[in-house]
Amino acid sequence: MFILVTGANGQLGKSIKSLVKQQKTSDSFVFVTRNQLDLSSLSNIQNYFEVHKFDLIINCAAYTAVDKAEHYQQEAGMVNHIAVKQIAEIAKSNNIKLIHVSTDFVFDGLKHEPYCESDTSSPLNIYGKTKLEGENAILSIMKFNAIIIRTSWVYSEYGNNFVATILKLAQKNSNLNIVSDQIGTPTYAGDLGKAILSIIKNAKFNEFERVSEIYHYSNEGRCSWYDFAKEVVNISGVKCTVTPINTEDYPTAAKRPKHTIMSKEKISKEFDLKIIFWKDSLKYCMKNLSTLSLLNKK
Ligand SMILES: NC(=O)c1ccc[n+]([C@@H]2O[C@H](COP(=O)([O-])OP(=O)(O)OC[C@H]3O[C@@H](n4cnc5c(N)ncnc54)[C@H](OP(=O)(O)O)[C@@H]3O)[C@@H](O)[C@H]2O)c1
(Lines give C-alpha, C1' and ligand atoms only; values in the text may rest on other atoms or scores of the structure.)
Protein backbone atom coordinates (compact mmCIF):
# COMPACT_ATOMS: atom_id res chain seq x y z
CA MET A 1 0.00 0.00 0.00
CA PHE A 2 1.03 3.59 -0.64
CA ILE A 3 0.13 5.47 2.51
CA LEU A 4 0.04 9.23 3.07
CA VAL A 5 0.34 10.56 6.63
CA THR A 6 -0.53 14.24 7.05
CA GLY A 7 0.48 16.36 10.04
CA ALA A 8 3.95 14.81 10.08
CA ASN A 9 5.26 17.45 12.48
CA GLY A 10 2.51 16.84 15.01
CA GLN A 11 2.47 14.47 17.96
CA LEU A 12 0.59 11.66 16.23
CA GLY A 13 2.34 12.12 12.90
CA LYS A 14 5.76 11.94 14.56
CA SER A 15 4.73 8.94 16.64
CA ILE A 16 3.57 7.02 13.56
CA LYS A 17 6.77 7.94 11.72
CA SER A 18 8.88 6.64 14.57
CA LEU A 19 6.88 3.38 14.75
CA VAL A 20 7.12 2.84 10.99
CA LYS A 21 10.91 3.23 11.21
CA GLN A 22 11.04 0.47 13.82
CA GLN A 23 8.82 -2.02 11.99
CA LYS A 24 9.44 -4.10 8.89
CA THR A 25 6.71 -3.32 6.40
CA SER A 26 6.16 -3.69 2.70
CA ASP A 27 3.96 -0.60 2.76
CA SER A 28 5.38 2.71 1.56
CA PHE A 29 4.71 5.67 3.79
CA VAL A 30 4.92 9.31 2.78
CA PHE A 31 4.86 11.80 5.67
CA VAL A 32 3.90 15.35 4.81
CA THR A 33 4.15 18.50 6.89
CA ARG A 34 2.29 21.74 6.33
CA ASN A 35 5.07 22.81 3.93
CA GLN A 36 4.43 19.91 1.58
CA LEU A 37 0.64 19.85 1.90
CA ASP A 38 -1.02 22.96 3.30
CA LEU A 39 -4.59 22.11 4.24
CA SER A 40 -5.59 25.75 4.43
CA SER A 41 -5.65 25.93 0.64
CA LEU A 42 -8.10 23.91 -1.44
CA SER A 43 -6.05 24.43 -4.58
CA ASN A 44 -2.95 23.09 -2.82
CA ILE A 45 -4.85 19.97 -1.80
CA GLN A 46 -6.24 19.49 -5.31
CA ASN A 47 -2.82 19.97 -6.94
CA TYR A 48 -1.11 17.66 -4.47
CA PHE A 49 -3.46 14.74 -5.13
CA GLU A 50 -3.35 15.26 -8.87
CA VAL A 51 0.36 14.48 -8.77
CA HIS A 52 0.61 12.02 -5.84
CA LYS A 53 -1.36 8.77 -5.72
CA PHE A 54 -2.12 6.76 -2.59
CA ASP A 55 -4.11 3.75 -1.39
CA LEU A 56 -4.67 5.15 2.09
CA ILE A 57 -4.59 8.57 3.77
CA ILE A 58 -4.04 8.82 7.52
CA ASN A 59 -5.08 12.38 8.36
CA CYS A 60 -3.27 13.46 11.53
CA ALA A 61 -3.23 17.15 10.60
CA ALA A 62 -5.64 19.42 12.40
CA TYR A 63 -6.09 22.89 13.82
CA THR A 64 -5.60 21.81 17.45
CA ALA A 65 -5.22 25.14 19.29
CA VAL A 66 -8.51 24.84 21.19
CA ASP A 67 -8.57 28.32 22.74
CA LYS A 68 -7.18 30.10 19.68
CA ALA A 69 -9.88 28.48 17.55
CA GLU A 70 -12.48 30.61 19.35
CA HIS A 71 -10.96 33.69 17.68
CA TYR A 72 -9.75 32.06 14.46
CA GLN A 73 -12.93 30.21 13.57
CA GLN A 74 -12.41 30.42 9.85
CA GLU A 75 -8.86 29.02 10.02
CA ALA A 76 -9.97 26.18 12.30
CA GLY A 77 -12.96 25.45 10.08
CA MET A 78 -10.77 25.39 7.00
CA VAL A 79 -8.37 22.72 8.31
CA ASN A 80 -10.79 20.70 10.44
CA HIS A 81 -13.81 20.80 8.14
CA ILE A 82 -13.39 22.18 4.61
CA ALA A 83 -10.03 20.50 3.93
CA VAL A 84 -11.31 17.23 5.40
CA LYS A 85 -14.38 17.44 3.15
CA GLN A 86 -12.14 17.89 0.13
CA ILE A 87 -9.86 15.04 1.17
CA ALA A 88 -12.93 12.81 1.53
CA GLU A 89 -14.13 13.79 -1.96
CA ILE A 90 -10.70 13.04 -3.44
CA ALA A 91 -10.51 9.77 -1.50
CA LYS A 92 -13.93 8.70 -2.72
CA SER A 93 -13.34 9.47 -6.37
CA ASN A 94 -9.89 7.84 -6.36
CA ASN A 95 -10.82 4.80 -4.28
CA ILE A 96 -8.47 5.79 -1.47
CA LYS A 97 -9.15 4.56 2.07
CA LEU A 98 -9.19 7.20 4.79
CA ILE A 99 -8.33 7.10 8.48
CA HIS A 100 -9.24 10.42 10.08
CA VAL A 101 -8.56 11.43 13.68
CA SER A 102 -11.15 13.34 15.67
CA THR A 103 -11.80 14.32 19.25
CA ASP A 104 -13.77 13.73 22.47
CA PHE A 105 -14.55 17.47 22.30
CA VAL A 106 -17.44 16.66 19.94
CA PHE A 107 -19.32 15.83 23.17
CA ASP A 108 -20.76 18.26 25.73
CA GLY A 109 -19.42 16.23 28.65
CA LEU A 110 -22.73 15.96 30.46
CA LYS A 111 -22.84 12.15 30.33
CA HIS A 112 -21.22 10.58 33.37
CA GLU A 113 -20.91 7.13 31.77
CA PRO A 114 -18.34 6.42 29.03
CA TYR A 115 -19.42 7.85 25.68
CA CYS A 116 -20.25 5.36 22.92
CA GLU A 117 -19.78 6.14 19.26
CA SER A 118 -23.56 6.36 18.78
CA ASP A 119 -24.05 8.98 21.52
CA THR A 120 -25.28 12.39 20.42
CA SER A 121 -22.49 14.87 19.82
CA SER A 122 -22.94 18.47 20.90
CA PRO A 123 -19.64 20.37 21.02
CA LEU A 124 -19.13 23.24 23.44
CA ASN A 125 -16.39 25.03 21.52
CA ILE A 126 -15.32 25.97 17.99
CA TYR A 127 -12.59 23.34 17.83
CA GLY A 128 -15.10 20.59 18.68
CA LYS A 129 -17.66 22.06 16.29
CA THR A 130 -15.21 22.15 13.36
CA LYS A 131 -13.96 18.63 14.12
CA LEU A 132 -17.56 17.38 14.17
CA GLU A 133 -18.23 19.08 10.83
CA GLY A 134 -15.17 17.25 9.47
CA GLU A 135 -16.53 13.93 10.74
CA ASN A 136 -19.96 14.59 9.23
CA ALA A 137 -18.46 15.57 5.89
CA ILE A 138 -16.53 12.28 5.73
CA LEU A 139 -19.55 10.19 6.65
CA SER A 140 -21.80 11.87 4.12
CA ILE A 141 -19.26 11.66 1.27
CA MET A 142 -17.67 8.28 1.98
CA LYS A 143 -20.30 5.64 2.68
CA PHE A 144 -17.43 3.15 2.49
CA ASN A 145 -13.71 2.93 3.23
CA ALA A 146 -13.33 5.61 5.91
CA ILE A 147 -12.82 5.29 9.61
CA ILE A 148 -12.87 8.12 12.11
CA ILE A 149 -11.02 7.61 15.37
CA ARG A 150 -11.99 9.97 18.17
CA THR A 151 -9.27 10.37 20.75
CA SER A 152 -8.65 12.50 23.85
CA TRP A 153 -5.95 14.28 25.87
CA VAL A 154 -3.09 13.33 23.53
CA TYR A 155 0.49 13.54 24.78
CA SER A 156 3.77 12.17 23.50
CA GLU A 157 7.53 12.62 23.52
CA TYR A 158 7.06 15.38 20.93
CA GLY A 159 6.06 19.04 20.95
CA ASN A 160 4.15 21.01 23.49
CA ASN A 161 1.67 18.89 25.33
CA PHE A 162 0.30 18.59 28.86
CA VAL A 163 3.10 16.30 30.10
CA ALA A 164 5.87 18.53 28.75
CA THR A 165 4.16 21.64 30.14
CA ILE A 166 3.73 20.15 33.62
CA LEU A 167 7.34 18.97 33.66
CA LYS A 168 8.58 22.44 32.75
CA LEU A 169 6.30 24.20 35.25
CA ALA A 170 7.08 21.75 38.07
CA GLN A 171 10.75 22.58 37.79
CA LYS A 172 10.12 26.31 38.09
CA ASN A 173 7.39 26.34 40.73
CA SER A 174 6.89 24.81 44.17
CA ASN A 175 3.14 24.40 43.57
CA LEU A 176 0.88 23.99 40.56
CA ASN A 177 -2.88 24.61 40.60
CA ILE A 178 -4.56 22.18 38.22
CA VAL A 179 -8.21 21.70 37.26
CA SER A 180 -9.76 18.69 38.96
CA ASP A 181 -13.36 18.84 37.74
CA GLN A 182 -12.73 17.88 34.11
CA ILE A 183 -12.56 14.10 33.80
CA GLY A 184 -11.29 12.16 30.81
CA THR A 185 -8.58 9.75 29.72
CA PRO A 186 -5.09 10.58 28.46
CA THR A 187 -3.92 9.04 25.21
CA TYR A 188 -0.27 8.30 24.56
CA ALA A 189 0.23 9.11 20.86
CA GLY A 190 2.58 6.11 20.56
CA ASP A 191 -0.27 3.78 21.57
CA LEU A 192 -2.71 5.43 19.17
CA GLY A 193 -0.10 5.22 16.40
CA LYS A 194 0.39 1.50 17.10
CA ALA A 195 -3.37 0.97 17.07
CA ILE A 196 -3.64 2.68 13.67
CA LEU A 197 -0.78 0.61 12.22
CA SER A 198 -2.40 -2.53 13.56
CA ILE A 199 -5.83 -1.57 12.12
CA ILE A 200 -4.44 -1.08 8.61
CA LYS A 201 -3.06 -4.64 8.72
CA ASN A 202 -6.36 -6.06 9.93
CA ALA A 203 -8.38 -8.02 7.37
CA LYS A 204 -11.57 -6.31 8.54
CA PHE A 205 -10.19 -2.89 7.65
CA ASN A 206 -9.24 -4.19 4.23
CA GLU A 207 -12.63 -5.71 3.40
CA PHE A 208 -14.08 -4.57 0.08
CA GLU A 209 -16.51 -1.65 0.50
CA ARG A 210 -16.33 -1.65 4.25
CA VAL A 211 -18.97 0.70 5.65
CA SER A 212 -17.44 3.87 7.15
CA GLU A 213 -17.51 3.95 10.94
CA ILE A 214 -16.57 6.03 13.97
CA TYR A 215 -14.44 4.50 16.75
CA HIS A 216 -13.25 5.75 20.13
CA TYR A 217 -9.66 5.31 21.27
CA SER A 218 -7.79 6.50 24.36
CA ASN A 219 -5.80 4.73 27.01
CA GLU A 220 -7.71 2.79 29.66
CA GLY A 221 -8.97 4.31 32.93
CA ARG A 222 -10.06 7.80 33.87
CA CYS A 223 -8.61 10.81 35.66
CA SER A 224 -8.82 14.56 36.05
CA TRP A 225 -6.18 16.98 34.75
CA TYR A 226 -5.14 17.28 38.41
CA ASP A 227 -4.64 13.47 38.70
CA PHE A 228 -2.75 13.52 35.42
CA ALA A 229 -0.44 16.35 36.55
CA LYS A 230 0.14 14.68 39.92
CA GLU A 231 1.17 11.46 38.22
CA VAL A 232 3.57 13.34 35.91
CA VAL A 233 5.17 15.07 38.89
CA ASN A 234 5.37 11.79 40.87
CA ILE A 235 7.05 9.91 38.04
CA SER A 236 9.50 12.76 37.42
CA GLY A 237 10.53 12.89 41.07
CA VAL A 238 10.55 16.71 40.96
CA LYS A 239 9.62 18.33 44.26
CA CYS A 240 6.41 20.23 43.55
CA THR A 241 2.96 20.05 45.07
CA VAL A 242 -0.14 19.90 42.91
CA THR A 243 -3.33 21.52 44.17
CA PRO A 244 -6.79 20.80 42.76
CA ILE A 245 -8.82 23.78 41.52
CA ASN A 246 -12.15 24.18 39.72
CA THR A 247 -12.62 25.07 36.08
CA GLU A 248 -14.06 28.46 37.17
CA ASP A 249 -10.70 29.27 38.76
CA TYR A 250 -8.85 28.70 35.48
CA PRO A 251 -10.77 30.65 32.82
CA THR A 252 -10.04 29.78 29.20
CA ALA A 253 -11.36 31.19 25.93
CA ALA A 254 -12.92 27.87 24.96
CA LYS A 255 -15.42 26.05 27.14
CA ARG A 256 -14.40 22.46 27.86
CA PRO A 257 -16.57 19.41 28.47
CA LYS A 258 -16.56 18.10 32.08
CA HIS A 259 -16.66 14.33 31.41
CA THR A 260 -15.40 12.78 28.21
CA ILE A 261 -14.43 9.24 29.07
CA MET A 262 -14.99 7.17 25.94
CA SER A 263 -15.85 3.50 25.64
CA LYS A 264 -13.18 1.63 23.70
CA GLU A 265 -15.19 -1.55 23.42
CA LYS A 266 -16.02 -1.17 19.73
CA ILE A 267 -12.46 -0.55 18.48
CA SER A 268 -10.83 -3.11 20.76
CA LYS A 269 -13.26 -5.89 19.81
CA GLU A 270 -13.38 -5.11 16.11
CA PHE A 271 -9.63 -4.83 15.61
CA ASP A 272 -8.45 -7.04 18.45
CA LEU A 273 -6.58 -4.25 20.24
CA LYS A 274 -5.23 -4.42 23.76
CA ILE A 275 -5.61 -1.02 25.40
CA ILE A 276 -3.04 0.01 28.01
CA PHE A 277 -3.87 1.67 31.34
CA TRP A 278 -3.05 5.39 31.18
CA LYS A 279 -0.53 5.39 34.05
CA ASP A 280 1.49 2.57 32.42
CA SER A 281 1.71 4.42 29.11
CA LEU A 282 2.60 7.65 30.88
CA LYS A 283 5.51 5.91 32.63
CA TYR A 284 6.66 4.49 29.31
CA CYS A 285 6.50 7.86 27.56
CA MET A 286 8.29 9.66 30.37
CA LYS A 287 11.08 7.09 30.27
CA ASN A 288 11.55 7.95 26.62
CA LEU A 289 11.31 11.66 27.08
CA SER A 290 14.35 13.65 26.44
CA THR A 291 12.90 15.86 29.16
CA LEU A 292 14.59 13.41 31.52
CA SER A 293 17.79 15.11 30.48
CA LEU A 294 15.92 18.38 30.81
CA LEU A 295 15.07 17.33 34.37
CA ASN A 296 18.74 16.76 35.09
CA LYS A 297 19.53 20.31 34.00
CA LYS A 298 17.48 21.59 36.96
N1 LIG B 1 -3.70 16.92 21.10
C2 LIG B 1 -4.80 16.50 21.72
O3 LIG B 1 -4.93 16.56 22.96
C4 LIG B 1 -5.93 15.88 20.94
C5 LIG B 1 -7.09 15.48 21.61
C6 LIG B 1 -8.14 14.92 20.87
C7 LIG B 1 -8.01 14.74 19.52
N8 LIG B 1 -6.89 15.14 18.89
C9 LIG B 1 -6.80 14.96 17.44
O10 LIG B 1 -5.73 14.07 17.17
C11 LIG B 1 -5.11 14.39 15.92
C12 LIG B 1 -3.62 14.51 16.10
O13 LIG B 1 -3.38 15.52 17.07
P14 LIG B 1 -1.92 15.91 17.55
O15 LIG B 1 -1.95 15.96 19.03
O16 LIG B 1 -0.91 15.09 16.84
O17 LIG B 1 -1.91 17.42 17.03
P18 LIG B 1 -0.66 18.38 16.79
O19 LIG B 1 0.51 17.90 17.53
O20 LIG B 1 -1.17 19.76 17.05
O21 LIG B 1 -0.39 18.19 15.25
C22 LIG B 1 -1.26 18.68 14.29
C23 LIG B 1 -0.48 18.88 13.02
O24 LIG B 1 -1.37 19.43 12.06
C25 LIG B 1 -0.62 20.32 11.29
N26 LIG B 1 -1.42 21.36 10.65
C27 LIG B 1 -2.11 22.36 11.23
N28 LIG B 1 -2.62 23.18 10.29
C29 LIG B 1 -2.22 22.67 9.11
C30 LIG B 1 -2.42 23.06 7.78
N31 LIG B 1 -3.08 24.17 7.44
N32 LIG B 1 -1.89 22.29 6.79
C33 LIG B 1 -1.19 21.19 7.09
N34 LIG B 1 -0.95 20.76 8.33
C35 LIG B 1 -1.46 21.50 9.33
C36 LIG B 1 0.32 21.00 12.27
O37 LIG B 1 1.41 21.52 11.53
P38 LIG B 1 2.52 22.48 12.18
O39 LIG B 1 3.39 21.53 12.98
O40 LIG B 1 3.17 23.09 11.02
O41 LIG B 1 1.76 23.44 13.04
C42 LIG B 1 0.69 19.86 13.18
O43 LIG B 1 1.89 19.25 12.81
C44 LIG B 1 -5.81 15.68 15.44
O45 LIG B 1 -6.82 15.32 14.53
C46 LIG B 1 -6.46 16.24 16.68
O47 LIG B 1 -7.61 17.00 16.39
C48 LIG B 1 -5.82 15.70 19.57
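Of the residues VAL30, VAL238, ranked by 1.4 Å probe accessible area with the largest first, the sequence reads VAL30, VAL238. Accessible-area rank, largest first, for ASP191, ASP272: ASP272, ASP191, with all protein chains present and a 1.4 angstrom probe.
Taken about its Cα centre, region 20-150 carries a charge dipole of about 400 debye when Lys and Arg each add +1 at the Cβ and Asp and Glu each add -1 at the Cβ.
The alpha-carbon of LYS172 sits under 19 angstrom from the alpha-carbons of these lysines, leaving out residues fewer than 8 places away in its chain: LYS230, LYS239, LYS297, LYS298.
Taking 0.36 nm per residue of separation and subtracting the current Cα-Cα distance, fully stretching the chain between MET1 and HIS71 would add 21.2 nm. Full extension of the chain between ASN173 and SER43 yields a length gain of 42.1 nm, computed as 0.36 nm times the residue separation minus the alpha carbon distance. Using a cut-off of 32 Å between Cα atoms, the listed pairs LYS201/LYS258; LYS255/LYS283; LYS68/LYS269; LYS97/LYS287; LYS111/LYS143 include LYS201/LYS258; LYS68/LYS269; LYS97/LYS287 as exceeding that distance. Ordering 205-214, 10-19 by mean Cβ neighbour count within 10 Å, with the highest value first, yields 10-19, 205-214. Overall, the chain carries a charge dipole of about 980 debye about its Cα centre when +1 sits on the Cβ of Lys and Arg and -1 on the Cβ of Asp and Glu, all other atoms neutral.
Rounded to the nearest 10 square angstrom, SER122 shows an accessible area of 50 square angstrom against a 1.4 Å probe. Annotation for GLU270 and ASN35: the two label points, set 7 Å from Cα along the Cα-Cβ direction, are 3.6 nm apart.
Spatial offset of region 87-150 relative to region 1-30 amounts to 22 Å, using the alpha carbon center of each.
Count Lys and Arg as plus one, Asp and Glu as minus one, and take only other residues whose Cβ is under 14 Å from that of ASN202; the net charge is then +3.
Between amide H atoms placed 1.01 Å from N, distances below 5 Å from PHE144 occur with SER212, all of them 5 or more places distant or on a separate chain. For a paramagnetic label modelled on LYS53 (point 7 Å from Cα along Cα→Cβ), amide N atoms under 18 Å away belong, within region 1-34, to 1-5, 27-30.
The values are calculated or read from the model by the stated rules, or taken from the named source; none is laboratory data. As the structure is a computational prediction, the values presented were derived from the model and not from experiment. Note that we place each Cβ from the backbone using ideal geometry, even for glycine, and neighbour counts take in every protein chain shown. Quick note on the areas: whole protein, heavy atoms, side chains included, nothing else; ligands and nucleic acids left out. Shrake-Rupley method; radii C 1.70, N 1.55, O 1.52, S 1.80 Å.
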